[in-house]
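Structure, as structure tokens:
Derivation of every value follows stated rules applied to the coordinates shown; laboratory data play no part. The structure displayed is predicted, hence computed values, not measured ones. We place every Cβ from the backbone using ideal geometry, glycine too, and count neighbours over all the protein chains shown.
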Amino acid sequence: MRAKLHDAIRDRLLSFADERVLPLTVADVTALAETVHEAVLDTMRAESPVELTNQQIGVLTGLAGGETPTETARRMCISSSTVKTHRKGAYKRLGAKTGCQAIALAMTYGLLPGRRNGVSA
């Protein structure tokens, strides 16, 4: 989908430049297409109605990556019970009842690193 959208934007820009005899190189059009593509993706991204603490984001990142609470605790240099407390807090703020639901909501809102609205950055 991303490549298809990017290609469509690029093709449109190329035809626009040709119609108006604009002295744009393919590199210029490609750079413009990337800029427009990112702008389109930005408008598609949901604004997060909630805020999570860095610790809650770290815990959800571990959960999304398949870490156990013990592994997350080691990575974050906190106790396993603190990991569970942060998970509960994140679930409550997100309105989630399960870990999968919390991860899905956090990804939708762009709260997990490297992900925006379910789309890899």
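What nm value, rounded to one decimal, do you get for the distance between THR85 and VAL50 when each label is placed 7 Å out toward the C-beta?
It works out to 1.9 nm between the two label points.
Between ILE78 and ASP18, what length comes free when the chain is fully extended (0.36 nm per residue of separation minus the Cα-Cα distance, one decimal in nm)?
15.6 nm
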